[in-house]
Amino acid sequence: MLRTHTCGELNLSHCGQEVTLAGWVRRLRDLGGVVFIELRDMYGSVQIIVEPDRKELIEKAKDIGLYYVIKVQGVVRKRPDEMVNPLMPTGSIEVEAHDIEVLNTTPPLPFLPEDDIKVQEETRLLWRFLDLRRPLMQRNLIFRHQMLQLVRNYLSSKGFIEIE
């Protein structure tokens, strides 16, 4: 099974549950033995923690690059109070990794798909598939999809037929 949950849906009610997640690595931090991974999919992001006692998993995590696509199996747990991130919908929990599988690697990227990065428009257009991963572009695509769906549903309810 690829995943049991999406990254953005986990919350305190899932604490203690074994979950399988899949997404891309948005951030990776090695804090002297403990590895933190921000795993993202189109529904949101969640923090993955690899504890120092999982030596084999720590080594595997160190070989993971930014924007690699990975699958993580682990247990949801409450973050310590001082580590809660109120800016994230999943900021009150983290997933303690028990297994990590690399599904796809990523070559060095011409730019990171982040909103605050300065990239020339020509480069963004040349690497359009990468640019579409930026959160701003994702929000724009979702909004456009929802608006078109509303218009189509309204016109369809009035007896109109869409012709391509």
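The values are calculated or read from the model by the stated rules, or taken from the named source; none is laboratory data. None of the values given here were measured: they were computed from a predicted structure. Methodologically, a virtual Cβ is constructed for each residue, glycine included, from the backbone with ideal geometry; neighbour enumeration extends over all protein chains shown.
Inspect the stretch 122-129 for any residue being under 14 Å from the mean Cα position of the chain (by Cα) and not basic (Lys, Arg) and give the result as yes or no. The answer is no; no qualifying residue exists. Taking the listed residues 87, 141, the one that is outside the structural domain of residue 70 (by TED's automatic domain parsing) and either part of a helix (DSSP H, G or I) or of a type outside the set (S, T, N, Q) (or both) is 141, with no other qualifying. The set of residues from the stretch 49-60 being outside any helix (DSSP H, G or I), in contact with a strand residue (DSSP E or B) (Cβ under 6 Å, 6 or more places away or on another chain) and over 25 Å from residue 6 (Cβ atoms) comprises just one member, 52. One residue is enough: does the stretch 54-62 have a residue meeting the conditions in contact with a Gly (Cβ under 9 Å, 6 or more places away or on another chain), at pLDDT 95 or above and not polar (S, T, N, Q)? No, the stretch 54-62 has no match at all. The set of residues from the stretch 2-43 being under 14 Å from residue 90 (Cα atoms), assigned to a strand (DSSP E or B) and under 8 Å from the mean Cα position of the chain (by Cα) comprises 38, 39, 40, 41.
Checking each residue in the stretch 61-78 for being in a helix (DSSP H, G or I) and closer than 24 Å to residue 14 by Cβ picks out only 61. Within the stretch 115-138, being surrounded by fewer than 10 Cβ atoms within 10 Å (Cβ to Cβ), outside any loop (DSSP other than H, G, I, E, B) and among the charged types (D, E, K, R) holds for 121, 122, 128. Residue check: is residue 72 under 16 Å from the mean Cα position of the chain (by Cα) and buried (at least 17 other Cβ atoms within 10 Å of the Cβ)? Judged against the criteria, residue 72 is a match. Residues in the stretch 120-164 that are of a type in the set (Val, Ile, Thr) and touching a residue at least 12 places away in the same chain (Cβ under 8 Å): 1 in all.
Do we find that residue 46 is under 15 Å from the mean Cα position of the chain (by Cα) and either surrounded by 19 or more Cβ atoms within 10 Å (Cβ to Cβ) or not in a strand (DSSP E or B) (or both) in this structure? Full working, then the answer.
On the way: under 15 Å from the mean Cα position of the chain (by Cα): yes; either surrounded by 19 or more Cβ atoms within 10 Å (Cβ to Cβ) or not in a strand (DSSP E or B) (or both): yes.
Yes; evaluated as a whole, the condition is true for this residue.
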